1. In debye to the nearest 20, how big a dipole does the range 164-264 give about its Cα centre with +1 on each Lys and Arg Cβ and -1 on each Asp and Glu Cβ?
2. Once phi is turned into ³J(HN,Hα) by the Karplus curve 6.51 cos²θ - 1.76 cosθ + 1.60 with θ = phi - 60°, what whole-Hz value does each residue of the range 228-242 show in order, with x for glycine and proline?
3. Counting only helical runs of four or more DSSP H residues, what would the 222 nm mean residue ellipticity of the chain come to if each run contributes -39,500 (n - 2.57) and the total is spread over all its residues?
4. Which ³J(HN,Hα) values in Hz, rounded to whole numbers, follow from the phi angles of the range 183-195 under the Karplus curve 6.51 cos²θ - 1.76 cosθ + 1.60, where θ = phi - 60° and Gly and Pro get x?
5. Quickly work out the residue 182-to-residue 56 label distance, labels modelled 7 Å from Cα along the C-beta direction, and quote it in nm with one decimal.
6. Skipping prolines and chain starts, which residues have an amide H placed within reach, meaning under 5 Å, of the one on residue 125, given they are 5 or more residues away or on another chain?
7. If R0 is 41 Å, what FRET efficiency do you get for residue 20 and residue 286 from their C-beta distance, rounded to 0.05?
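Bear in mind these aren't lab numbers, they're just calculated from the coordinates by the rules spelled out. Given the structure is predicted, the values throughout are model-derived calculations rather than measurements. As a convention, Cβ positions derive from the backbone with ideal geometry for all residues, glycine included, and neighbour counts pool all protein chains shown.
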Amino acid sequence: MDLTTSSITQLRAFEAVGRHGSFKRAAEELFVTQAALSHHVRHLEQDLGVQLIRRLHRRIELTAEGSQLLAGCSAPLEALAAALRNIRRAVKEDSLTVSVPPYFSLRWLTPRLGSLWLRHPGINLVLHHTYQTVDFLHDRIDAGITWGHGKWPEVESTLLMTSRLTPICTPGYLERLGRKLVPRDLLGHTLFYEFDRAHWQQWFAAAGVPDPGPFASVRIDDTHALRRVVLDGHGFGLFFVELIQEDVRSGRLVQPFDLWIDLGCAYYLNRPRATPMSAKLQTFSTWIMEEVARNPYV
């Protein structure tokens, strides 16, 4: 079997599955689906002409050939990964690359960068905008700001900001209703959301409307677009309290109710646990935590 890009991918998939004894845990480590891992392992077995893994009920076990291959490929793959990490660190030694969600960057991070450059002019910061979770093993990223549960494998996570959801609308939209609003009144309007329609149901339950019945809703899976459709006066949007305060202070948007729901997720500053923290990342981490403490909302 000649080593190609495809075969290395297959070996890496097999090694992770064999080391964890689980497709699920291997998929979490490699940030791929279990189906993709199974596909790679089956192709590897076909290329070698032997069975490497026995797929049993709720568990797997390695065949004799699988155990032999795992013993032979684990150390080289880890050595290769370490070499790649070292090379990447050397290549980007003069810069600090941070992955960040586009809306969080626009509304919270980039307006504050002036203070970072004023205090630390030597930092060559590169922002990589994405909503995807960082794969530190393969992406040339030093740190990532990520929204989620805060429990990613092989990642050290530091809480930056909670992310609570509350209804918002324009002042004009609210005025057209012509009366003091109660939570049940929202059911007669189009309700926009970004993640899950059930979040509106959770908010209604928290507002004392446990059974809202049918209601009109539209999912908009981009934060910028969700804000835009609300600003254009099309209805109520379920939005992050922490990222809408500038619009509220300016009067562009209003929060009709002082009531929010917590999804159990938040914004975290992540970095690879296995990689020593560089001086520039330490500087950035200290700065951003001070900014959060000074003024967490926008």
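1. 320
2. Along the range 228-242, the couplings run 4, 5, 6, 4, 7, x, 8, x, 9, x, 8, 9, 5, 4, 5 Hz.
3. Details: 10 runs with 121 residues, N = 298.
Taking each H run of at least 4 residues, the total per residue is -12500 deg cm²/dmol.
4. The phi angles translate into x, 5, 4, 5, 5, x, 10, 6, 10, 9, 8, 9, 10 Hz.
5. 6.1
6. Under 5 Å from the amide H of residue 125: 96.
7. On the way: r = 35 Å, r/R0 = 0.85.
The formula returns an efficiency of 0.75 here.
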